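The values are calculated or read from the model by the stated rules, or taken from the named source; none is laboratory data. Computed from a predicted structure; not experimentally measured. So basically every Cβ, Gly included, is an ideal-geometry build from the backbone, and we count neighbours across all protein chains shown. Protein only, heavy atoms only, side chains kept; ligands, DNA and RNA dropped before computing areas. Shrake-Rupley method; radii C 1.70, N 1.55, O 1.52, S 1.80 Å.
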Amino acid sequence: EPVVFLDSLGRAYSVTAADLPPARGDGAPASSLVDVQGGATIMYCLAGRPDTSVLVASTGGYGFLTRLSDMVSSRKAGREFMTLEEGAKPVTPQAYEEATGKVIGAVSENGRLLVFDVGEMRQVARGRGVIIMGLEEGEKLVAAAVFDGKALAVAGTGRGGKEKEITLTGEKLKHHFGRRARMGRVLPDKLKPTAIQLPPSPRREPG
């Protein structure tokens, strides 16, 4: 199975799971396993089956749906994968399972949340993608995630810089439903978002 690294300039690198150092400890630096391009740093790591569905997005508000196999390269120097706007960086990519009724939640650094149907996104192998969320000038997209549309938590910092998490369900969550590329609506509590937290997937019973 492939292990994919994504750098700050949108380039994807890959190794096989067998190439990773075994046993316990700190492991090996990702930069020793692949040839990272000049001026870039490894930001994220994904692993799984090649047909795993992945949502990727940038702080500039663009993103697309892809497969883990589209991020794989046979070269240590990797492959150009994400086309980023000037000054933009990738946000945390998310592997997800395809299912009916899935939606995408996107949150901006100014505390706005937009939720829309996953069918409004494009599936491509590389590039910039489409606008996920409308942003104010100078504003950044903080996170985007695919979920079932029933519950979503936004983590961040509240008053006094204290860590805080807001969980939205039911009508409070539906208040943020709209169409892709819209601005979304302000979260109910004042928060500077840092991440989207999804509830754990139900455990599958053996057999």
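Applying the Karplus relation 6.51 cos²θ - 1.76 cosθ + 1.60 with θ = phi - 60° to segment 183-198 yields 3J(HN,Hα) values of 7, x, 10, 5, 4, x, 10, 5, 7, 9, x, 10, 6, 9, 10, 9 Hz, where x marks Gly and Pro. Computed from backbone phi with θ = phi - 60° and the Karplus coefficients 6.51, -1.76 and 1.60, the 3J(HN,Hα) list for segment 171-181 is 5, 5, 6, 4, 4, 9, 6, x, 10, 3, 6 Hz; x is used for glycine and proline. For percent of Cα pairs over 28 Å apart, the value computed from the atomic coordinates appears in the list (1) 31; (2) 22; (3) 28 under label (1). To the nearest Å, what is the center-to-center distance of segment 132-163 and segment 21-58, using C-alpha atoms only? Spelled out, the Cα-based centre of one part sits 24 Å from the other.
Across segment 51-67, rounded Karplus estimates of 3J(HN,Hα) from the backbone phi angles (6.51 cos²θ - 1.76 cosθ + 1.60, θ = phi - 60°) give 8, 4, 7, 9, 9, 10, 8, 10, 5, x, x, 9, x, 7, 9, 8, 10 Hz, Gly and Pro being marked x. Classification of segment 1-111 by its C-alpha gyration tensor yields an oblate form. The axis ratio a/c (a ≥ b ≥ c) is 1.5 or more, and b/c is at least a/b.
Taking all protein chains into account, the per residue accessible area for the chain stands at 56 Å² (1.4 Å probe). For the chain, the fraction of 1.4 Å probe accessible surface lying on carbon and sulfur atoms is 48 percent. Once amide H atoms are placed 1.01 Å from N in the peptide plane, what residues at a sequence separation of 5 or more from Leu9, or on another chain, have their amide H within under 5 Å of its amide H? Long-range HN contacts for Leu9: Thr41. What you get for the chain, charging only the Cβ of Lys and Arg (+1) and of Asp and Glu (-1), is a dipole of about 400 debye around the Cα centre.
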